[in-house]
Amino acid sequence: METPKTTPKDFFLYVGAMITLYWSAGALIALLFTIIDTSFRDALNVYVDPYSGGIRFAIASLIVVFPVSLSLLRTVKKEAIRTPQKLSLPLRRWLYAFTIFITSIAMAGDIIALLNSFLGGELTTRFILKVVSVVVVAGIIFWFCLSEIRVRAGVPVRMRKEFLWGSPILVFAAIACGFAVMGSPTTIRSLRLDSQRVSNLQDIQWRIVNYWQQKGVLPAALEDLRDPISGFVIPLDPRTGEEYEFVKGKEQAFRLCATFEKADPVQGGGTTEVPRGPVKPVSVSSNENWYHESGSYCFDRNIDPEVYAVRPKNP
């Protein structure tokens, strides 16, 4: 039988199907890894992305790319059913064989990397779940491509409904878990607004310290920090547009307050009632943090005059 020629349509269908399949598989594994890392936190990995950037990108990729991959694979199968001679296309055999090769190498590399992390002290639960994720995703692709490369003309061509219907269930479940871990877009927006509030309070804090160093006293109100020459304008709450609360305490102590929409995603807890008593003398020169609860929350600070000495005035 004469070997059929590869048409431009065949080329773009097969190449597009494989590229989107690789992208989808990578996004799915990345999503599963990030979900595992977020759900089973390890004290050795101190950084936690509060905005779930990895989850967001993986979900966006799967929502856009995965349906395209399934559509192209379905079209390829329909073309093969309609014209069985296309099963002998060299491009088809090469791409499926190459995918099997890449999948095997990637699976081996991922397992080696995961085993290396496990031997380096990573939690056993995280290690097992990640290995299972890699084996399941890579195994499904390996089985699909191996089944397809064995199909020849004269043999009934099936649509591989196990793959075309089973893989969307896996992807949908992973996306649902991603949203459960990440939260809704509204939650992410609230976290970003809270981050802006913390940034504003940090800016105000160091303006207060600078005011102290310049004049030897704390400002009576935030309005005293306004400086038209340097261009500093008192930052306002990004949602309400209201000023942050500033309370002047004894000597060099002061308090900054804001209303947060969510508890700190790293160490915060639930809403707590913030005391409105005297300002506590917590040194601004210490390793103070900005972790907060939801609702009204205050940060007590105290300027250490030995660290932030008053600058002598020029004669």
Looking only at the range 35-49, count how many residues are outside any loop (DSSP other than H, G, I, E, B) and either open to solvent by less than 40 Å² (accessible area, probe 1.4 Å) or at pLDDT 90 or above (or both). 2
If you take the residues of the range 108-118 that are surrounded by fewer than 18 Cβ atoms within 10 Å (Cβ to Cβ) and hydrophobic (A, V, I, L, M, F, W, C), which of them is nearest to Ala173 (Cα to Cα)? Ile111
Examine the range 243-250 for a residue that is within 21 Å of Trp206 (Cβ to Cβ), at pLDDT below 75 and not charged (D, E, K, R), and state whether such a residue exists. no
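Can you say whether Phe12 is modelled with pLDDT of 85 or more, exposed (fewer than 15 other Cβ atoms within 10 Å of the Cβ) and farther than 27 Å from Thr187 by Cβ, as far as the supplied structure shows?
Working: modelled with pLDDT of 85 or more: yes; exposed (fewer than 15 other Cβ atoms within 10 Å of the Cβ): yes; farther than 27 Å from Thr187 by Cβ: yes.
Yes.
Residues Ala17, Ala30: which one is in a helix (DSSP H, G or I), open to solvent by less than 80 Å² (accessible area, probe 1.4 Å), in contact with a Leu (Cβ under 7 Å, 6 or more places away or on another chain) and aliphatic (A, V, I, L, M)? If you could, list the steps in order and put the result at the bottom.
On the way: Ala30 fails: in contact with a Leu (Cβ under 7 Å, 6 or more places away or on another chain).
The unique qualifying residue is Ala17.
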Has the range 140-150 got at least one residue that is modelled with pLDDT of 90 or more, within 25 Å of Leu32 (Cα to Cα) and open to solvent by less than 50 Å² (accessible area, probe 1.4 Å)? yes
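Tell me, please, whether a residue that is in a loop (DSSP other than H, G, I, E, B) and out of contact with any Phe, Trp or Tyr (no Cβ under 9 Å at 6 or more places or on another chain) can be found in the range 167-181. Write out each step before concluding.
First, pick out the residues of the range 167-181 that are in a loop (DSSP other than H, G, I, E, B): none.
Scanning the range 167-181, I find no residue that is in a loop (DSSP other than H, G, I, E, B) and out of contact with any Phe, Trp or Tyr (no Cβ under 9 Å at 6 or more places or on another chain), so the answer is no.
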Single condition Asn210 does not satisfy, out of (1) under 30 Å from Phe33 (Cβ atoms); (2) without any contact (Cβ under 8 Å) to a residue 40 or more places away in the chain: (1)
Inspect all residues belonging to the range 119-134 and state whether any of them is outside any helix (DSSP H, G or I), of a type in the set (D, E, K, R) and buried (at least 16 other Cβ atoms within 10 Å of the Cβ). yes
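Name the residue that is nearest to Ile188 (Cα to Cα), counting only residues in the range 50-92 that are in a helix (DSSP H, G or I) and among the aromatic types (Phe, Trp, Tyr). Please lay out each step first, then the result.
Of the residues in the range 50-92, the ones in a helix (DSSP H, G or I) are 53-82, 84-88, 90-92.
The next check asks that each one be among the aromatic types (Phe, Trp, Tyr); those that pass are 57, 66.
Working: Phe57: 13, Phe66: 24 Å.
Per the stated criteria, the residue is Phe57.
The values are calculated or read from the model by the stated rules, or taken from the named source; none is laboratory data. Fair warning: this is a prediction, and the values are worked out from it, not measured in the lab. Methodologically, a virtual Cβ is constructed for each residue, glycine included, from the backbone with ideal geometry; neighbour enumeration extends over all protein chains shown. When the accessible area is computed, the model is the full protein with side chains, heavy atoms only, and any ligands, DNA or RNA have been set aside. Shrake-Rupley method; radii C 1.70, N 1.55, O 1.52, S 1.80 Å.
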